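The values are calculated or read from the model by the stated rules, or taken from the named source; none is laboratory data. Since this is a predicted model, take the numbers as computed values, not measurements. Glycine gets a Cβ as well: all are built from the backbone with ideal geometry, and neighbour counts include every protein chain shown.
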C-alpha cells in the first residue's frame, strides 16, 4: 500500500501581532489554514491509497470554528479523491478526561471515509491489504503499553502502527507540553511493516521501520533547522520518502558580530540582511553578538519597522557582552521558550543531582499547568 504520513498540523495555531487585513484574524493562524489545504491538494497529487495523520490535527481541545471548517474543506477534497483518512488524537487535541466529548466526533458525520482513534484505547482499521493499529494519546504512559498489548499482528497483511508520543531515543528533545508521554522502546517493534509517529516536530527516522513525519509548519523558532513536510510510504518495502509540502518559510539569517558598532550600525546591518528575503510572510531569525544592554535598548527603539514590513515576524537573538546568556531584543516575553529558560536557570545553580531533578520536574509541571490555563482562558475569550 502507498500511504502519505503527516502529523502535527496544529490547526488553530496563532502567533505574532500581525492581522490579515481581509479577515481580521491573526495572520499566522490564517497561513496555517491556507497551507493545510494546499498541503492536502499536494498529498492527493501523489494518489495515495490512504492518508495517515499521526496526531495533533488541532492545536487545542476546543478548536476554533475556522479550524473546523478548514478540516471539513480538506475532507471534501479527500472524499472526492476516494482516499481514506486514518488519524489519531495527539496530546494537543485529546480531551483530558474520558467524559468530555472529543473534537474528532464531529468528523465522523462527514461523507469522507474517516477512521479516527480518540477514545483512550487501541483500535484497528483494515484498508485494502493493510491493518492500521491505532494508539492515540493516552491519559498516562502506562496506557500505551496496555493498548500495545492488545495488538494482534496479522502475518497475511501489512501491519502499520500509528501512535503519538516521544520515542525514548528522543527523550532529550522533550517539548514540555501538556500530556507529553514517552513511548516505550518495546513499541518500536520490527513486527510492524511501518510505524507512523507523531509529536516530535522534526522529520526523523528512529528505527529502520519507524519515522516521525514532523510537522508541516515551523511552530516555534526552536524548530528552525528541522525538516518539515510529509512522508510517502510503501508499506510493502517500508521505504519512506520525503514529501515537500506548502508551509510558511522560517529563515535563519545567521550571526552579525556587533563589536565596535554603534546601535545604528547594527540596525543597518540587520536591515541589509533582510533585503535578500523574497518570500512573502516569512519568519526570520538573526543573532546579534557582542551587544551591551544599552545598545539592545537603542536597537529596540531604532524603528526597524520599514525593514520588517514584508515579514511575518523577525526574531532578534542577542548574545550580550555582559552575559553569555541569550536574551531577546524588545523583551517580547511571548517569544521566549519558558521551559528552556527555566531549565537553564536551574542548571546554572549547580544543585545536587537529586534536588536539580526534583526542581526541574516540579517546575515543568507548574509551567505546563500555567500555559494550559492561559490557553484555556484565551479560548474562552474568543
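Table for the structure above
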| item | result |
| --- | --- |
| Yes/no for residue 345 being assigned by TED's automatic domain parsing to the domain that holds residue 356, modelled with pLDDT under 85 and either under 30 Å from residue 355 (Cα atoms) or out of contact with any helix residue (DSSP H, G or I) (no Cβ under 9 Å at 6 or more places or on another chain) (or both) | yes |
| Count of residues meeting criterion [in contact (Cβ under 8 Å) with a residue 40 or more places away in the chain and outside any strand (DSSP E or B)] in segment 204-228 | 11 |
| Residue among 360, 351, 274 that is at pLDDT 80 or above and surrounded by 14 or more Cβ atoms within 10 Å (Cβ to Cβ) | 274 |
| Qualifying residues in segment 253-272 (those that are touching a helix residue (DSSP H, G or I) at 6+ places or on another chain (Cβ under 9 Å) and in a strand (DSSP E or B)) - the one nearest to residue 10 (Cα to Cα) | 253 |
| Condition met for residue 47 (at positive phi and either in a strand (DSSP E or B) or not assigned by TED's automatic domain parsing to the domain that holds residue 280 (or both)) | yes |
| Residue match in segment 194-217 (condition: under 18 Å from residue 43 (Cβ atoms), out of contact with any strand residue (DSSP E or B) (no Cβ under 8 Å at 6 or more places or on another chain) and crowded, with 22+ Cβ neighbours inside 10 Å) | yes |
| Failed condition for residue 281, given (1) over 16 Å from residue 226 (Cα atoms); (2) touching a helix residue (DSSP H, G or I) at 6+ places or on another chain (Cβ under 7 Å); (3) without any contact (Cβ under 8 Å) to a residue 60 or more places away in the chain | (3) |
| First in segment 361-375 and in the same structural domain as residue 345 (by TED's automatic domain parsing) and farther than 15 Å from residue 181 by Cβ, second anywhere and modelled with pLDDT of 75 or more and surrounded by 15 or more Cβ atoms within 10 Å (Cβ to Cβ), Cβ under 6 Å, 6 or more apart | 363/342 |
| Unique match (being surrounded by 24 or more Cβ atoms within 10 Å (Cβ to Cβ) and closer than 30 Å to residue 130 by Cβ) among 5, 59 | 5 |
| Restricting segment 69-105 to residues that are assigned to a helix (DSSP H, G or I) and at pLDDT below 95, the residue that is farthest from the chain's Cα centre (by Cα) | 105 |
| Scan of segment 232-244 for residues that are closer than 12 Å to residue 42 by Cα and assigned to a strand (DSSP E or B), ordered by number | 232, 243 |
| Every residue from segment 142-171 that is part of a helix (DSSP H, G or I) and in contact with a strand residue (DSSP E or B) (Cβ under 9 Å, 6 or more places away or on another chain) | 143, 144, 147, 148, 168, 169, 170, 171 |
| In segment 224-243, the residues that are more than 30 Å from residue 291 (Cα to Cα) and under 16 Å from the mean Cα position of the chain (by Cα) | 227, 228, 229, 230, 231 |
